[in-house]
Amino acid sequence: MLEQIAAIVKEAGEIVLSAHDIAAHTHEKSSAADLVTEYDLAVENFLKEKLPPLVPGAIFYGEEEQENADPATGWAFIVDPIDGTTNFVRGLRQSAVSVALAKDGVIEYGVVLDPYKAELFSARRGGGAFLNGSLIHVSDRPLSQGVFGMGTAIYRREYLAPTMRLTEQLFRRSCDFRRMGAAALDLCNVACGRTELFFEYSLCPWDYAAGSLLVTEAGGVISTLDGQPLAFDRRCSCWASNQVNRDILRELDIR
Ligand code: 2AM
Ligand code: CA
């Protein structure tokens, strides 16, 4: 199953790489910061055609179309056709195709592809996490020697102040931080030990569904900022960490 999903995701990556004249094919959704391109729609339509036949009865829950379906019951593909759309539109070449397959709200398979670096992250629950076929693991660096990733929850301006406060607290304890603009890749960076931590105050299930399995299968931890399990049928916050830094969350003011 993992190989079948990965093969389809790689084909979807070709659509991302084929993109040209992206700005001319971009539309605002809720605001100037909330964009969709014709490529997001093309990739989602491709995945919507190819993935569900792999698992009879599976529903398709994508960023551009949720089909009024409940991804917490039965088999569900949870899909972000292009994570990091703003990066994509601006030619920053830091975006991903993210596909998770969940059963009854538990992620069983996760695949995240960075088409620009030809990096395919994949995991099956209980089977470890891989980057282009090689086993990956979270880092063992303490935050004092580490770099963390964060996202700015741009659609929820009420989180601006707590986001900046938490960033300052972590920055004071670390070497540096990054704001990459693609949550799926942020989670894969924790999974393969390139960063030690990642947080964002509000994300949607398709942003973190696949990446969350990569983190846990690579030996890391992931939860909401309140320390609760992630939800896959509604938006929530995200806190992903290697083992060394997992308890730092309790010492931080997240309000
Ligand atoms: P996207 O590029 O697929 O839209 C950046 O902070 C992260 O937030 C990206 O992974 C981005 O995914 C995600 N994001 C985009 N729109 C969002 C929304 N409406 N709610 C929550 N997260 C969103
Ligand atoms: Ca997207």
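The values are calculated or read from the model by the stated rules, or taken from the named source; none is laboratory data. Just so it is clear, the model here is predicted, and its values are computed rather than measured. Cβ atoms come from the backbone with ideal geometry, glycine included; neighbour counts cover every protein chain shown. These accessible areas exclude ligands, DNA and RNA; they are computed on the full protein's heavy atoms, side chains included. Shrake-Rupley method; radii C 1.70, N 1.55, O 1.52, S 1.80 Å.
Which residue fluctuates most in the GNM of the chain (Cα springs below 10 Å): 212, 223, 98?
Result: 223 has the largest fluctuation of those listed.
If a/c stays under 1.5 just call it rounded; otherwise compare a/b with b/c (prolate if a/b is bigger, oblate if not). Do that for region 139-212, with a ≥ b ≥ c from the square roots of the Cα gyration tensor eigenvalues. Present the calculation step by step, with values, prior to reporting the outcome.
Working: a/c = 2.62, a/b = 1.14, b/c = 2.30.
Oblate.
Apply the a/c threshold of 1.5 to the C-alpha gyration tensor of region 69-131 and tell me whether it is rounded, prolate or oblate.
oblate
At 1.002 mPa s and 20 °C, plugging the Kirkwood radius over alpha-carbon pairs of region 97-166 into Stokes-Einstein gives what diffusion coefficient in µm²/s?
142
What is the Cα coordinate range of region 1-123 on the first, second and third principal axes, sorted by size from largest, in whole angstrom?
38, 31, 20
Give the carbon-plus-sulfur fraction of the accessible surface of the chain in %, rounded to a whole number; probe 1.4 Å, heavy atoms of protein chains only.
Carbon and sulfur: 48 percent of the exposed surface of the chain.
Say each of residue 68 and residue 235 gets a label point 7 Å from the Cα, pointing the same way as Cα to Cβ; how far apart are those two points in nm?
A separation of 2.3 nm, rounded to one decimal place.
Expressed as a whole number of Å, what is the distance separating the alpha-carbon centroids of region 33-88 and region 96-172?
One Cα centre to the other: 19 Å.
Dividing the alpha-carbon radius of gyration of region 210-255 by 2.2 N^0.38 Å (N being the number of residues), what value is obtained?
Dividing the Cα Rg of region 210-255 by 2.2 N^0.38 Å gives 1.14.
For region 53-109, with every protein chain kept in place, what is the accessible area per residue (1.4 Å probe, Å²)?
Roughly 40 Å² per residue, with all protein chains present.
For the chain, find the longest principal axis of its Cα atoms and tell me its angle to the long axis of helix 38-50, 0 to 90°, nearest 10.
Here the helix axis deviates by roughly 70 degrees.
Could you do me a favour and compute the accessible area per residue for region 157-255, 1.4 Å probe, result in Å²?
42
Could you order 180, 1, 164, 150 so the one with the most accessible surface comes first? Probe is 1.4 Å. Walk me through the numbers before you get to the answer.
Numbers: 180 50, 1 70, 164 90, 150 5 Å².
Descending order: 164, 1, 180, 150.
Could you give me the radius of gyration and the Dmax of region 43-189, taking only the C-alpha atoms into account and expressing both in angstrom?
Computed over the Cα atoms of region 43-189, radius of gyration and Dmax are 16.9, 50 Å.
In nm, what is the difference between 0.36 nm times the number of residues separating residue 160 and residue 178 and their Cα-Cα distance?
Between residue 160 and residue 178, full extension yields 4.8 nm more.
Quote the charge dipole size of region 65-122 about the Cα centre in Debye, to the nearest 20; the model charges only the Cβ of Lys and Arg (+1) and of Asp and Glu (-1). Could the numbers behind the result be given before it?
Numbers: 4 positive and 9 negative charges, 70 e Å.
Computed charge dipole of region 65-122: roughly 340 debye.
Sticking with the crude label model, points 7 Å out along Cα→Cβ, report the distance from residue 226 to residue 14 in nm, one decimal please.
According to this spin-label approximation, the distance is 4.5 nm.
If each DSSP helix of 4+ residues adds -39,500 (n - 2.57) and the sum is divided by the residues in the chain, what number results at 222 nm, nearest 500 deg cm²/dmol?
So the calculated ellipticity at 222 nm is -8500 deg cm²/dmol.
How high is the relative contact order of the chain? Use alpha-carbon pairs under 8 Å, at least six apart in sequence, and give a whole percent. Walk me through the numbers before you get to the answer.
Details: 594 pairs, mean separation 44.2, N = 255.
Relative CO of the chain lands at 17 percent.
So how strong a dipole does the chain carry about its Cα centre when Lys and Arg Cβ are +1 and Asp and Glu Cβ are -1, to the nearest 20 debye?
For the chain, the charge dipole is close to 800 debye.
Note down the net charge around residue 143, summing +1 for each Lys or Arg and -1 for each Asp or Glu among other residues with Cβ under 15 Å from its Cβ. Don't skip to the end; give the middle numbers.
Values: positive: 141, 172, 173, 178, 194, 246, 250; negative: 140, 168, 176, 196, 247, 251.
Net of charged neighbours comes to +1.
Rounded, prolate or oblate: which one fits region 158-255, using the alpha carbon gyration tensor with axes a ≥ b ≥ c (rounded when a/c is under 1.5, else prolate when a/b beats b/c, else oblate)?
rounded
Determine the principal axes of the Cα atoms in the chain, then give the extent along each, sorted from largest to smallest and rounded to whole angstroms.
Result for the chain: principal-axis Cα extents of 46, 40, 33 Å.
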